[in-house]
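Novice: Quick one: the structure is below, and I'll ask about it shortly.
The values are calculated or read from the model by the stated rules, or taken from the named source; none is laboratory data. Just so it is clear, the model here is predicted, and its values are computed rather than measured. Cβ sites come from the backbone with ideal geometry, for glycine too, and all protein chains shown count toward neighbours.
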Amino acid sequence: MNASPALIITTIAPPNRVIKHYAGLCERRGIDFIIAGDRKSPPGFSLRGTDYWSLERQKASNFQTAVSVPENHYARKNIAYLAAIEKGHDLILETDDDNLPYENFWNLPERKIAGQKIVDLGWINIYRLFTNTMIWPRGLPLEQLGDFRDYTAEAAAEHDCPIQQGLADENPDVDAVYRLTRELPVTFNKDLLFVLGKDSWCPFNSQNTVWFREAFPLLYLPSECSFRMTDIWRSFVAQRIAWEYGWKIAFRSPTVYQERNEHDLLRDFRDEMPGYLNNSAIGSALASLQLSGRTEDIFQNLTSCYRLLGGMGLVGKGEMDIVGKWNSDLEGLL
């Protein structure tokens with residue numbers, strides 16, 4: 001098994017400054033840099049230091065998921081995850097094509113890490129622990145913005161964190177409501193690490209996240225939903241399943257800064273509407289869901305969570321078929 005990590009992105013851009021930067025650093029550091037393309041990606045994408053998966057290559061692979069995930073959707077990133085896992089990588093780093101790394105991005109974490117556990121239950125605005133600026137992560141229910149309670153943190157101790165989220169400086173991951181009403185850039189405090197456990201919720205994204213092998217099934221990005229919700233709803237599913245195994249979700253000070261690609265903020269607002277209206281209800285429904293506490297049932301738990309979202313009308317009817325194919329692909333690799 002190749003024990004080195006893989007770095008994953010998906011892009012429809014030609015090799016831009018960010019992609020070239022990662023490619024050079026990955027080549028020097030011996031890190032496998034896997035890129036998933038899509039229908040809008042430029043033909044003939046080629047860059048030294050990358051393993052590029054064009055749409056055609058994806059569909060010609062043995063991955064059932066590759067023919068089921070819709071084209072022109074961020075969830076094509078699922079195929080890059082599968083490619084990394086097929087190669088035997090047991091650590092996956094993921095980011096986007098507009099996030100540049102600080103030097104500490106390459107300090108690969110241990111799964112068991114020392115951090116302060118936030119013991120408050122319910123929704124946690126994790127950004128408040130890294131800055132005094134009034135800011136919140138994309139996906140936090142808007143009805144939680146008025147919660148200004150002081151969170152309670154335990155003394156730093158070792159926690160099992162197979163999913164770890166790094167924040168982003170300059171242009172952090174915030175929703176369209178924030179961008180339309182408040183100012184950026186924002187820089188977060190350094191050298192902090194907090195963890196959340198059972199019954200505590202906070203959205204995390206796919207822009208700067210580390211995944212360890214046992215949590216790989218939870219990488220799955222749903223595709224029959226809004227692009228702006230795919231990684232957020234994944235994070236809710238992953239947190240809920242993590243509770244069953246005593247896993248914690250880690251949040252650390254920024255290891256990247258974002259030079260954001262051009263966005264239409266009103267379009268983003270429209271695409272985030274399903275989250276504004278439903279994120280709180282998703283948390284409540286998932287919290288009430290009965291899941292198995294056996295790690296060998298992780299695929300069953302994943303299926304149960306997406307069946308719940310389907311029953312709520314939040315993912316399309318075809319989602320369960322794609323989840324089934326993802327599970328089948330992964331069970332043959334793990």
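Novice: Among the residues of segment 151-169, how many are outside any loop (DSSP other than H, G, I, E, B) and under 18 Å from residue 94 (Cβ atoms)?
Specialist: 7
Novice: Right, another one. What pairs come up if the first residue lies in segment 235-251 and is more than 16 Å from residue 111 (Cα to Cα), the second is aromatic (Phe, Trp, Tyr), and their beta carbons are under 6 Å apart, counting only those six or more places apart or on different chains?
Specialist: That search, which allows pairs on different chains as well, returns 235/204.
Novice: What are the residues in segment 252-262 that are over 22 Å from residue 106 (Cβ atoms) and either in contact with a Lys or Arg (Cβ under 6 Å, 6 or more places away or on another chain) or free of Cβ contacts under 8 Å to residues at least 60 places away in the same chain (or both), if any?
Specialist: The one that is over 22 Å from residue 106 (Cβ atoms) and either in contact with a Lys or Arg (Cβ under 6 Å, 6 or more places away or on another chain) or free of Cβ contacts under 8 Å to residues at least 60 places away in the same chain (or both): 262.
Novice: In this structure, is residue 292 in a helix (DSSP H, G or I) and surrounded by 14 or more Cβ atoms within 10 Å (Cβ to Cβ)?
Specialist: Here the answer is no, as residue 292 does not meet what is asked.
Novice: Among the candidates 303, 255, single out the residue that is assigned by TED's automatic domain parsing to the domain that holds residue 183, of a type in the set (Val, Ile, Thr) and outside any strand (DSSP E or B).
Specialist: 303
Okay, residues lined up against (1) over 22 Å from residue 4 (Cα atoms); (2) within 19 Å of the chain's Cα centre (by Cα); (3) in a helix (DSSP H, G or I); (4) at pLDDT 95 or above:
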residue: 45; (1), (2), (3), (4): yes, no, no, no
residue: 52; (1), (2), (3), (4): no, no, no, yes
residue: 80; (1), (2), (3), (4): no, yes, yes, yes
residue: 85; (1), (2), (3), (4): no, yes, yes, yes
residue: 93; (1), (2), (3), (4): no, yes, no, yes
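Novice: When residues of segment 86-106 are filtered for being touching a strand residue (DSSP E or B) at 6+ places or on another chain (Cβ under 8 Å) and either within 25 Å of residue 281 (Cβ to Cβ) or without any contact (Cβ under 8 Å) to a residue 24 or more places away in the chain (or both), how many remain?
Specialist: The number of residues fulfilling the criteria is 0.
Novice: Kindly list the number of the only condition in (1) in a loop (DSSP other than H, G, I, E, B); (2) touching a Lys or Arg at 6+ places or on another chain (Cβ under 9 Å); (3) farther than 25 Å from residue 225 by Cα that fails for residue 110.
Specialist: Only one criterion is unmet by residue 110, namely (2).
Novice: Check off (1) outside any helix (DSSP H, G or I); (2) of a type outside the set (Asp, Glu); (3) more than 30 Å from residue 188 (Cβ to Cβ); (4) in contact (Cβ under 8 Å) with a residue 40 or more places away in the chain for residue 313 and give me the number that stays unchecked.
Specialist: Every listed condition holds for residue 313 apart from (4).
Novice: Follow-up question, since we're still on this one. Between 137, 172, which is under 26 Å from residue 271 (Cα atoms), in a loop (DSSP other than H, G, I, E, B) and touching a Cys at 6+ places or on another chain (Cβ under 8 Å)?
Specialist: 137
Novice: May I pose another question? Quick one: in segment 16-38, of everything that is part of a loop (DSSP other than H, G, I, E, B) and modelled with pLDDT of 95 or more, which residue is surrounded by the fewest Cβ atoms within 10 Å (Cβ to Cβ)?
Specialist: If we take residues in segment 16-38 being part of a loop (DSSP other than H, G, I, E, B) and modelled with pLDDT of 95 or more, then 31 is surrounded by the fewest Cβ atoms within 10 Å (Cβ to Cβ).
Novice: Shifting gears a bit: I'd like to know if segment 43-56 contains one or more residues that are in contact with a Leu (Cβ under 6 Å, 6 or more places away or on another chain) and either in the same structural domain as residue 252 (by TED's automatic domain parsing) or closer than 27 Å to residue 224 by Cα (or both).
Specialist: Checked against the condition, which is being in contact with a Leu (Cβ under 6 Å, 6 or more places away or on another chain) and either in the same structural domain as residue 252 (by TED's automatic domain parsing) or closer than 27 Å to residue 224 by Cα (or both), segment 43-56 yields no hits at all.
Novice: Among the listed residues 87, 112, identify the single one that is assigned by TED's automatic domain parsing to the domain that holds residue 176 and out of contact with any helix residue (DSSP H, G or I) (no Cβ under 7 Å at 6 or more places or on another chain).
Specialist: Answer to the selection: 112.
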